[in-house]
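The values are calculated or read from the model by the stated rules, or taken from the named source; none is laboratory data. Predicted model, so just to flag it, every value in this text is computed and none were measured. Note that we place each Cβ from the backbone using ideal geometry, even for glycine, and neighbour counts take in every protein chain shown.
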Amino acid sequence: MTSVDPSPLLPLEGGFNLRDMGGYATSDGRTVKRGMLYRSGVMSLLTEADEAHLAGLGIATVFDLRRPGERKRDPTRWCEPAGAFYWSRDHGESSGVLSELLHGPAPTADRIRAIMLGLYPEILVAHAESYRALFERLAGGHVPLLFNCSAGKDRTGVAALLILSALGVPRETIVEDYLLTNRYADFDRLLAAGRAGADRFREMDPAVLRPLFAADADYLDTAFDSLDRDHGGVDTYLSAIGVDDAARARLHALLLD
């Protein structure tokens, strides 16, 4: 494993997959700074003590990739009291909304996995505007920055892929960071609390839900493959959303030791 100790998971009672992305080595021997980049799932279960802990981290920007209904159902309340800038976009894209993937014929594990394998290339297109804005905040120095969706896995996973790629982190390390969701995301707790569209999941066979909730390396590989096949590679995709050489140099200076 190229992930680092101590555990990147923040010590929060109500956190969901909320972790520090610092400590990863880049291909040129540098290291992603700790305390600058955080990724998360839904934050509506945070306790007052959790919110105080996050406020103490000095997070300057919270970047919420969810659509309006998700934000209304599970609001993020701690940003304004903590003085963090809260970004969101009113979009109707369903890419990455796990409950939306259950529409249509009766789901089976194989069908859900097939849908997940087709999801990540869609995310690259559907959320390109959000990722452009995310990199604008980063390159503008508005850090530390936390970005999230509901599970902290799919839309957030693609965002993490793009950020770590821009910083020069190797692909195998990016996949390892993605797979940490399997260790740190307690979906049973999330569903028991009635969060993230739990009503649609409660009566379903756990075996059917398994590929929906999994961080599967094959899923992230479809994003890498789509970047190469459909977008001219990750560097060309990043350039298309505004991450030029100057922006990349600012990111390296800001986020790497």
Taking Leu190 as the residue in question, decide whether it is buried (at least 19 other Cβ atoms within 10 Å of the Cβ), within 27 Å of Leu57 (Cβ to Cβ) and at pLDDT below 95. yes
Item to complete: Determine whether region 146-155 contains at least one residue that is out of contact with any His (no Cβ under 8 Å at 6 or more places or on another chain), closer than 27 Å to Trp78 by Cα, aliphatic (A, V, I, L, M) and surrounded by 22 or more Cβ atoms within 10 Å (Cβ to Cβ).
Response: yes
Reported set for region 214-225 where residues are outside any loop (DSSP other than H, G, I, E, B) and either over 18 Å from the mean Cα position of the chain (by Cα) or within 21 Å of Tyr38 (Cβ to Cβ) (or both) is Leu220, Ala223, Asp225
Would you say Arg248 is touching a helix residue (DSSP H, G or I) at 6+ places or on another chain (Cβ under 7 Å) and either part of a helix (DSSP H, G or I) or of a type in the set (S, T, N, Q) (or both)? yes
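For (1) under 18 Å from the mean Cα position of the chain (by Cα); (2) among the hydroxyl-bearing types (Ser, Thr, Tyr); (3) modelled with pLDDT of 95 or more, each residue gets a yes or a no:
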site: Ser44; (1), (2), (3): yes, yes, no
site: Asp74; (1), (2), (3): yes, no, no
site: His91; (1), (2), (3): yes, no, no
site: Leu102; (1), (2), (3): no, no, no
site: Ala128; (1), (2), (3): yes, no, yes
site: Leu134; (1), (2), (3): yes, no, yes
site: Leu138; (1), (2), (3): yes, no, yes
